[in-house]
Amino acid sequence: EAQVTQNPRYLITVTGKKLTVTCSQNMNHEYMSWYRQDPGLGLRQIYYSMNVEVTDKGDVPEGYKVSRKEKRNFPLILESPSPNQTSLYFCASSSSRGQPQHFGDGTRLSIL
Amino acid sequence: GNSVTQMEGPVTLSEEAFLTINCTYTATGYPSLFWYVQYPGEGLQLLLKATKADDKGSNKGFEATYRKETTSFHLEKGSVQVSDSAVYFCALSTNSGGSNYKLTFGKGTLLTVNP
């Protein structure tokens, strides 16, 4: 079954404690992306990756890092989380421009 | 830049009522247009798409027509069911912007269908 898998689904943590949200896809997609969803703001792109070792900033990259060492994995790293990063995060992948993106089930992060 | 404006909710309907959720866009180039649906506690699922002017996307009784002259992509369903209760997002992806296939989303519309 084609899917995008994120872990964890839920996480409550404290300010400054480094965390990583993993994302993996099994569709051999070259393009992967991270979004955050906030009430009243919709979804905004954080980072994206066109291929292995190729990443770039989206609209709201501050406070986040990503890596793309393998085609299937695209982890999101918060090195020093702050309360304003409390949000619902989605990983997505796509095969090409104009094609639908496949989304994971989301990770709800609470930073206290 | 690109933007998507969709009608604000929440929208509450009775079962079998007609649904319209308005969506208009601003974009450079020739965008592909999408409707995504988010059920409670789940990720976004593609509902339908249209890639060029006058295309009609359809799925599960939902329809939307790509209207270039009015830059719109309104979502419609003739008879909603309780199971259609969800948040609906209009989104676009353009052919410009280099290598980023970024989706630009509207803010979402919460639909609640009562029995």
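Odds and ends about this structure:
- Packing-based exposure ordering (other Cβ within 10 Å, fewest first) of B:Asp84, A:Asp56, B:Asp54: B:Asp54, A:Asp56, B:Asp84
- Excluding same-chain neighbours fewer than eight residues apart, the lysines reachable from B:Lys49 by a Cα-Cα span under 29 Å are A:Lys57, A:Lys71, B:Lys60, B:Lys68, B:Lys77, B:Lys102, B:Lys107.
- Put simply, the C-alpha atoms of the protein assembly as shown give a gyration tensor, and the ellipsoid matching it has half-axes of 29, 21, 15 Å, longest first.
- Approximate shape of chain A as ellipsoid semi-axes (Cα gyration tensor, √5λ), whole Å, largest first: 22, 14, 13
- Each label point was placed 7 Å from the Cα along the Cα-to-Cβ direction; for B:Leu110 and A:Asp38 their separation is 1.9 nm.
- Simple spin-label estimate for B:Ser14 and A:Arg108 gives 3.3 nm between the two label positions (7 Å along the Cα-to-Cβ direction from each Cα).
Read the figures in this text as sums done on the coordinates, not as results from a lab. Nothing here was measured: the structure is a model prediction, and the numbers come from that model. Reconstructed Cβ throughout: ideal geometry from the backbone, glycine too, with neighbour counts over all protein chains shown.
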